[in-house]
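Worksheet: one structure, shown below.
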Ligand SMILES: [Zn+2]
């Protein structure tokens, strides 16, 4: 059984990618709970937050935090969730470490409610909306000495 996120990292599976480099990849969730729902993946395969080494955790979380900042400060989202699920019991579906960044444009009713399949038009809108600010991702990685560039 092949890991879908490993396939995405290798470019064998399509995804809407906002950023790729320095050990992480940021994609749009295929089944977003809100407009702009992102996933930050580690490029290497680890089952979850309980398995990834600290350096990988740091890269992924700092990128997720940069995205949270972009949503709150640059794009005016009134709220954002940054969350990871570890284990079936916790709702993990893909067993490759990833952190969800979920902007909240209106009050949360049920955390995962409203999931639906991402449409191409919406995906392109979201990428256009974030791209002007995406340099913050590199800035955060550079601050921690995690960027090659
Ligand atoms: Zn994987």
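The values are calculated or read from the model by the stated rules, or taken from the named source; none is laboratory data. Keep in mind it's a predicted model, so treat the numbers as computed, not measured. No Cβ is skipped: glycine too gets one built from the backbone with ideal geometry, and neighbour counts run over all protein chains shown.
Cβ-Cβ contacts under 6 Å between residues 6 or more apart (or on different chains), taken from a first residue in segment 106-123 that is on the phi > 0 side of the Ramachandran plot and touching a residue at least 12 places away in the same chain (Cβ under 8 Å) to a second residue that is surrounded by 13 or more Cβ atoms within 10 Å (Cβ to Cβ) and assigned to a loop (DSSP other than H, G, I, E, B), are listed as 114/33. When segment 83-111 is limited to residues that are farther than 24 Å from residue 62 by Cβ and not in a loop (DSSP other than H, G, I, E, B), the one that is nearest to the ligand (Cβ to nearest atom) turns out to be 88. Would you please name the residue that is nearest to the ligand (Cβ to nearest atom), looking only at residues in segment 11-25 that are in contact (Cβ under 8 Å) with a residue 24 or more places away in the chain, touching a helix residue (DSSP H, G or I) at 6+ places or on another chain (Cβ under 7 Å) and in a strand (DSSP E or B)? Applying the filter and picking the extreme gives 24. Select from segment 26-61 the residues that are in a strand (DSSP E or B) and under 22 Å from residue 77 (Cβ atoms) and write down the one among them that is nearest to the ligand (Cβ to nearest atom). If we take residues in segment 26-61 being in a strand (DSSP E or B) and under 22 Å from residue 77 (Cβ atoms), then 41 is nearest to the ligand (Cβ to nearest atom).
If the condition is being more than 12 Å from the chain's Cα centre (by Cα) and under 17 Å from residue 41 (Cα atoms), then segment 60-90 contributes 85, 86, 87. Is there a residue in segment 117-124 that is farther than 17 Å from residue 34 by Cβ, part of a helix (DSSP H, G or I) and in contact with a strand residue (DSSP E or B) (Cβ under 8 Å, 6 or more places away or on another chain)? Within segment 117-124 (the criterion being farther than 17 Å from residue 34 by Cβ, part of a helix (DSSP H, G or I) and in contact with a strand residue (DSSP E or B) (Cβ under 8 Å, 6 or more places away or on another chain)), the answer is no, since none of the residues qualifies. Just name the residue that is farthest from the ligand (Cβ to nearest atom) out of those in segment 1-10 that are modelled with pLDDT of 95 or more and assigned to a loop (DSSP other than H, G, I, E, B). Here the residue is 10.
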